[in-house]
Structure formats: structure tokens, C-alpha cells
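What follows is calculated from the coordinates using simple rules that are stated; it is not laboratory data. Note that this is a predicted model, so its numbers are computed, not measured. With ideal geometry, Cβ positions are generated from the backbone for all residues, glycine too; neighbour counts draw on all protein chains shown.
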Ligand code: AMP
């Protein structure tokens, strides 16, 4: 049976999944795995479709110094022990810039262009691209598909995409892109089956995880997002601040004398729930903490999510449904309830029992239905990869969007 390998590579871990292609041409998940502790305490762990652990082993640090080495070890395990030889690899790539508005078959030229976007996603892009490069060198004939977190947002109306800066900079690509697009695309793809009555309506989706953003879906398409040029904007996240007056950055550079790279590290690693609470970047730990800082960080997160719901509702001039997804959105009934309590004016309220059960539909008697839908970005990547393989007319050249 044909298989697709899906890779989601970060700075200290490589997540991978194997999908078998069934007789109807649909991807079915077989293996979920992760190499983590890259450069510190490398460990491979994998489970099968039943959730049973099929690999759990540690490696010497010197054998797994970087993401490419980690993927090579995972790849050897897949090939030698599972005896699986994927027909293609789909990769999550966080930034597609202005040019890539859809998943794309990669070649060295595409990787070069995507490397130009590293400064726009310094914590993700280099690690997303490193395994693509090493696989291209090792297996030049193996098709690889880059699936972008920005692509689903590429048809926003122009007013939603622009900053109020001179046109020349917008033309260079200094625009609002939006992220978590694979997650929102997955949610949009399952709404017709899970909630057909609102699937083509105006839906606010809250992807609340370590990275967090919200998206306005209208007729199944993204029309607005809380994230912008980089994945720093919008909601507060585990370690990123979310919306920040650019004057704060100027203050850090001038009055505090920080260098640009210090500011970059600060904004990506030391802010958000971690910076605000002084306790943790992890919502579970904050919910279990009695520290005043933890309580305030949760209050801030809830407040900004509710504010953003208002903003996205305004973008669509109304709301027909609200969806929670990702780690916090799928698992924390307390945070869902706190956000919903601020959105009564949008016709949102929750049924406590259904919310506690993490039911699909958790709304109470309010006019706006509220859903919990677990996201599945990897399945989306597998589907895109398959469809590019199956559709040989897929243009490999870059689609450039008119500004
Ligand atoms: P993600 O990036 O989507 O994996 O989400 C990670 C975030 O979800 C972390 O902040 C976790 O603390 C949070 N999370 C996962 N499970 C729960 C839970 N049961 N309650 C609260 N937060 C959770």
C-alpha cells in the first residue's frame, strides 16, 4: 500500500506521521511519531493507529545534533523497522510569503525562495526547511510538498491584508499574512459534515494552543485573522506577546539598548503567558497555580481572546457560530467557559455539562452555536500531498498574487 510521510519540524523536535493511502485514495493515519530533545536528550517515540507505543528509545546527543539528523534517524526507523518507503513527503512550512498561496512541490529553487523568508519566522522556517534540503540531497527523486500556514489566508480582502505603510513596502511583502492556516483549513473542511447548518456561514474559529490565533471564516474561506506579518501578532501565546504597540520595540532598542537579535529572542521566547505570569508558558500549569501572576496571565488571555472575537465578528458583520480548537481550545473547559462568559453579547453561552464533556456542540440556549472540533493539520498536509501527486497538472511554478 502506498504511504505518505508527513513532517512537522521545529527547533528541538521533529514530529512525523505516516499515512497509508486506502483503495479510495484517502489517507489513513498509521503511525504518529516524534524525535524530541534534539541537541539535549534525543528520544524517539512512536505510536500506531490504536495508540499503542511501537518505539521508545534514546540516542546519544552527539548523534542527533540538529533537525536533519533527527529526521534521518526517524527515516531509518521507518524504512528499516517498519519497512515503509513513502511515495512522497509533505512538510509543514510556516511562511509562504506573498508568493505561495497553495501547497507546492519543492525543488532546490523553491527552497531557496522559502529561505528568504527566514527572518519572518525565525523560530520555525529554518527548522521546517532543513529536512526538506537534506531529503532533496539524499533522495532527489522523492516528491516533497511544502504546505504553508499562510496559504489559507491568501485571499483576504486587500483591507485585511495591508498595514498603513507606504505602498512600496507592501509590494515588498510587508503585509498581514495570518498563520495556523492548515488548522483553519481542516476545520473549514469538516464543518459541512460536523455542523452543516453553519458551515457556509460566518464562523469565528479560535485556535488556542502554545501558538494561538483566531480566524474569521465566511463561506468556508478565511477573510480575517488575528495574526499578521509574523506569528507574533494577535493573541498572547505561550512565549509570544501577541498584539504589541511597535513603540514597545523602539523602546527596547533605544532606551533599553537591546540588540535586534536580543529583541527577537525576547519577543519569541520570553513574553506571552510565560513573561506575564512569571510562572510558566503552559496553560495547564497556570490553571493549577495559585500565584497571582498565573491568575493575571489567564485573565489577560481570556480578555484578548474575547476582544478578538469582537474584532473578527465586525470583519464579517455578524457571527453564525464559534469553534474552539487546539490544545487549550480542545481540552480546557474552564478557559472555554471564561471566554464564552465575555461573549454573551454575541449570543454565546455554554451548556456546562456539554462543555465539561468536551462535546462537539457545547452551546446552551444562546442564538450562536459553539463547537469543539479537534484540529488535524497533519491530515491536511497528507491530503494536500496526495492531491499534488494525483494532479499532475498542478503548477509547480510559483503563483504570484497581484498586490
Ligand atoms: P498545542 O500547542 O495545541 O499542543 O497546545 C498546547 C497548550 O494546550 C499548552 O498551553 C497546554 O497547557 C494546553 N493544554 C493542553 N491540555 C490542556 C488542558 N487539559 N487544560 C488546559 N490547557 C491544556
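When 383, 357, 274 are sorted by how many other C-beta atoms sit within 10 angstrom of their C-beta, beginning with the fewest, the order is 357, 274, 383.
Quick check: from the Cα gyration tensor, does the chain come out rounded (a/c under 1.5), prolate or oblate? Let's see the in-between values first.
Details: a/c = 1.33, a/b = 1.25, b/c = 1.06.
Rounded shape, in that the Cα axes give a/c under 1.5.
Measuring r between the beta carbons of residue 307 and residue 270 and using R0 = 22 Å, the FRET efficiency lands at 0.45. Comparing Cα centroids, the range 342-393 and the range 258-286 end up 28 angstrom apart.
Roughly speaking, what is the stretch gain from residue 30 to residue 244, that is 0.36 nm per residue apart minus the C-alpha to C-alpha distance, in nm to one decimal?
My answer for the length gained is 72.9 nm.
Taken along the Cα-to-beta-carbon direction at a fixed 7 Å, the label points for residue 200 and residue 314 span 3.0 nm.
Between 0 and 90 degrees, rounded to the nearest ten: what's the tilt of helix 125-138 against the longest Cα principal axis of the chain? That works out to roughly 10 degrees. Among 249, 89, the ranking by other beta carbons within 10 Å of each residue's beta carbon, starting with the fewest, stands as 249, 89. Here the chain carries DSSP beta bridges of which approximately 70% are antiparallel, counting only pairs with both residues inside.
Modelled label positions at residue 358 and residue 63, each set 7 Å beyond Cα in the direction of Cβ, lie 3.4 nm from each other.
The ranking of 380, 200 from fewest to most other beta carbons within 10 Å of each one's beta carbon is 200, 380. Placing dummy labels 7 Å off each Cα toward the beta-carbon, the span from residue 115 to residue 284 is 3.8 nm.
Figure legend: label point modelled 7 angstrom from the Cα of residue 56 along Cα→Cβ; residues of the range 1-36 with amide N under 18 Å from it are 31-36.
Between residue 229 and residue 163, what is 0.36 nm times their sequence separation minus the Cα-Cα distance? Round to one decimal in nm.
22.8 nm
Between residue 102 and residue 139, the FRET efficiency from the beta-carbon distance, with R0 = 22 Å, is close to 0.40.
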